[in-house]
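The block underneath contains the structure these notes are about, expressed in structure tokens.
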Amino acid sequence: MDQAITQWINSPAGNNTFLDSTVVVMTKAGILVFIVVVVLQWWSKIDRMHVRHTCVAAGLSFLIGLGINQVILLFVHRARPYDAGVSHLIISKSVDWSFPSDHATAAVAIVAACALNRLPRRAVCYCLLALLICWSRIFVGTHYLSDILGGGLTGAVAAVLVFALYREGTRLDRFVTGIL
């Protein structure tokens, strides 16, 4: 089923130059845009200190999630779908293993941090961007659906860990959110 869904999402790749170009830009720049959007929230006019706390939590979740992925990659060596003949690749090859997806981890970590810290509007907007980024990784042929789900899970776990350990209003939080 994983292969069938991956093939279905990837099947239009290479058939429409405009769609391919748009999705390639999304898959290559999506996380960078996500980071910039979160960083720009630092200067929010509304509920500034809470939003800043959430920005820090999102950044920590992002980094911890990617760290968890590096540990997983030591033990799970899953070939990319294009190497297994499942997908048609329309971007350059990746040098690491397929599972879990770092892009999905990063995107879901940010969304989950916003949701856990009670910023629902941002969480919904970020969720839409995260879904586009995750879908793009399958469309371009570099991930299976289960790679995306696994990456999303590690991002969510990282956000829950940060939520449990990095509390708003602590001395550390007041110091960090008071910068700039």
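Data overview
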| quantity | calculated |
| --- | --- |
| Candidates Val162, Val108 - the one that is under 25 Å from Gln41 (Cα atoms), over 14 Å from the mean Cα position of the chain (by Cα) and crowded, with 23+ Cβ neighbours inside 10 Å | Val162 |
| Among residues of the range 1-33, those that are assigned to a helix (DSSP H, G or I) and open to solvent by 70 Å² or more (accessible area, probe 1.4 Å), counted | 9 |
| Checking Asp20 against (1) under 19 Å from the mean Cα position of the chain (by Cα); (2) modelled with pLDDT under 95, the condition it does not meet | (1) |
| Restricting the range 90-105 to residues that are under 12 Å from the mean Cα position of the chain (by Cα) and either polar (S, T, N, Q) or farther than 21 Å from Leu129 by Cα (or both), the residue that is surrounded by the fewest Cβ atoms within 10 Å (Cβ to Cβ) | Ser101 |
| Which listed residue is β-branched (Val, Ile, Thr) and free of Cβ contacts under 8 Å to residues at least 24 places away in the same chain, from Ile9, Ile46, Ile31 | Ile46 |
| Conditions (1) in contact (Cβ under 8 Å) with a residue 40 or more places away in the chain; (2) part of a helix (DSSP H, G or I); (3) small (Gly, Ala, Ser); number of the one not met by Ser98 | (2) |
| Any hit, the range 116-129, residues being at pLDDT below 95, charged (D, E, K, R) and crowded, with 19+ Cβ neighbours inside 10 Å | yes |
| When residues of the range 87-108 are limited to those that are among the polar types (S, T, N, Q) and in contact with a Ser or Thr (Cβ under 9 Å, 6 or more places away or on another chain), the one nearest to Val76 (Cα to Cα) | Ser98 |
| Complete set of residues in the range 59-89 that are in a loop (DSSP other than H, G, I, E, B) and crowded, with 19+ Cβ neighbours inside 10 Å | Arg80, Pro81, Tyr82, Ser87 |
| Segments classed as helices (runs of 4 or more DSSP H), wholly inside the range 114-180, with at least 3 members that are free of Cβ contacts under 8 Å to residues at least 24 places away in the same chain | 120-139, 171-177 |
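The values are calculated or read from the model by the stated rules, or taken from the named source; none is laboratory data. Bear in mind that the values here come from a model prediction, so they are computed numbers and not experimental data. When we count neighbours, we look across all protein chains shown, and the Cβ atoms used for this are built from the backbone with ideal geometry, even at glycine. Only protein heavy atoms, including side chains, enter the accessible area calculation; ligands, DNA and RNA are left aside. Shrake-Rupley method; radii C 1.70, N 1.55, O 1.52, S 1.80 Å.
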